[in-house]
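Trainee: Here it is, the structure in full.
We did not get these values from a lab; they are worked out from the coordinates using the rules stated. Just so it is clear, the model here is predicted, and its values are computed rather than measured. Ideal geometry is used to build each Cβ from the backbone, glycine not excepted, and the neighbour counts take in all protein chains shown.
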Amino acid sequence: MVRIDNPKLPRVHSYIDVPLAGGFPPDEETIELSPEGRLRIKDGGVTTNKLADWSITANKLHPTALGRWRFAFLNYLRRVARVSGTDYNGAWGVSWSPNGRYIAVASWNADAVEVLEFTGTSLVRVARVSGTDYDGAWGVSWSPDGRYIAVASNYADAVEIMEFTGTSLVRVARVSGTDYDGAAGVSWSPDGRYIAVTSFNAMAVEIMEFTGTSLVRVARVSGTDYDGAAGVSWSPDGKYIAVASEAACAVEVLEFTGTELVRVARVSGTDYDGAAGVSWSPDGRYVAAAPWYAYAVEVMEFTGTELITRARVSGTDYYGANTVSWSPDGKYIAVSLDVANAYEVMEFTGTSLVRVARVSGGDYITARGVAWHPTAGYLALAILGRNAVEVTR
């Protein structure tokens, strides 16, 4: 494979069609990419430069038209900005503001929620709250209007809404207690009226209306079917929520009627062992799930009454699959891999998941949160084992 570090080139799994004099068929070891973005082909010690045309294909080298060869490349996610240290101890959840300017971060061990401004090359703190009220801060979600941040604190057994003023985070609503034991996931409805919350230990999923000054329960389900409820995601039309329950080994879709949560589809069993993360596709047709102990990432089509598997990858490369996030155009899925110490981007073709980029190793120990930028193709990463937050592309 060829490592691609040129920021001018697209950071997806791509191919190059290259015209070659005399039909010389080089192998991948003879290929380099110059800093200027030209393909450099070494032929018997003679180096020639050819301009590259890019698009998507499978990860192979194969002939195309007469006199041309196609070369596939596995792109590497490139770090753009990073902060680390005890202030980010146990960094877990990340969420982009709708305008893509800020990142909200929940840090599990630092008992903190922070807003970082992304300048394009750096991450700059602009607001922070910390203390026992945020003990075990886990899930974080930005409201659709960019005004509020919701956070679920696992050890504080609490859910809170804070207003982001641009320079500070101000509490405007909070609920706590045994009903929120192990509060984990939090997600705003597309209209910004409601938040969905999962409580890991309370084995519950709840919808609360945010009035501007308070959080009011409007619907709740609980029981062993929601044991270890963790990931939660609203459908783009606001009609459904998807829930991943780790201990129940299940992924479920619930319809929100305005006053109730009604189960409409569910899958469970060893294929969903440790189901942790879940995310709706932007078109509302698919649900992506990350089953931690099943070493897998799966995409299911939601028919309105069923969840049907359309693509799945599994194996040790996906050990500890944790958080999943769809790209805004619905073409790609990013996943954090906690035990594999990695982040990966896959293209969803409709019938398969194809790896297009991956980072792994010591800088990504205990990879947790991942979120796509709303427009620009960046990924925000929360790296629990390195007490770090990173933006990559």
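Trainee: Taking the Cβ of Val267 as the center, what net charge do the other residues with Cβ under 15 Å away carry, scoring Lys and Arg +1 and Asp and Glu -1? It would help to have the intermediate numbers written out before the result.
Mentor: Working: positive: Arg263, Arg266, Arg310, Arg312; negative: Asp225, Glu246, Glu252, Asp271, Asp273, Glu298, Glu301, Glu306.
Its environment carries a net charge of -4.
Trainee: Another question, then. Less than 13 Å Cβ to Cβ from Ala104, Lys/Arg counted +1 and Asp/Glu -1: what total charge do the surrounding residues give?
Mentor: Result for the neighbourhood of Ala104: 0.
Trainee: Return the distance in nm (one decimal) between the two label points of a simple spin-label model at Asp145 and Thr349, each offset 7 Å from Cα along Cα→Cβ.
Mentor: 4.4
Trainee: Using the basic label-point model (7 angstrom from Cα toward the beta carbon), what is the Ser130 to Asp191 distance in nanometres?
Mentor: According to this spin-label approximation, the distance is 3.9 nm.
Trainee: Given the Cα-Cα distance of Asp181 and Ser84 and 0.36 nm per residue of separation, how much length would full extension add, in nm?
Mentor: Values: separation 97, 0.36 × 97 = 34.92 nm, distance 2.89 nm.
The span from Asp181 to Ser84 would gain 32.0 nm if fully extended.
Trainee: Hey, another quick one. Residues with beta-carbon under 15 Å from that of Gly192, excluding Gly192: net charge, scoring Lys, Arg +1 and Asp, Glu -1?
Mentor: Details: positive: Arg147, Arg193; negative: Asp145, Glu163, Asp191, Glu209, Asp237.
Every neighbour counted, the sum reads -3.
Trainee: So, in Å, what gap is there between the alpha-carbon centers of the stretch 341-371 and the stretch 199-273?
Mentor: After rounding, the separation between the Cα centres reads 25 Å.
Trainee: Here is a further query. How long is the gain from Ser214 to Thr303 if the chain were fully straight, where each residue apart is worth 0.36 nm and the alpha carbon distance is subtracted? Don't skip to the end; give the middle numbers.
Mentor: Working: separation 89, 0.36 × 89 = 32.04 nm, distance 3.50 nm.
Between Ser214 and Thr303, full extension yields an extra 28.5 nm.
Trainee: Also, I was wondering about something else. Sort Ser97, Ser352 by Cβ crowding within 10 Å, fewest neighbours at the top. List each step's numbers first, then the result.
Mentor: Values: Ser97 21, Ser352 14.
Neighbour counts put them in this order, fewest first: Ser352, Ser97.
Trainee: Per-residue counts of other Cβ atoms within 10 Å, averaged by peptide: what ranking do you get for 358-366, 333-341, highest first?
Mentor: On the way: 358-366: 16.8, 333-341: 24.4.
For the peptides 358-366, 333-341, the packing ranking is 333-341, 358-366.
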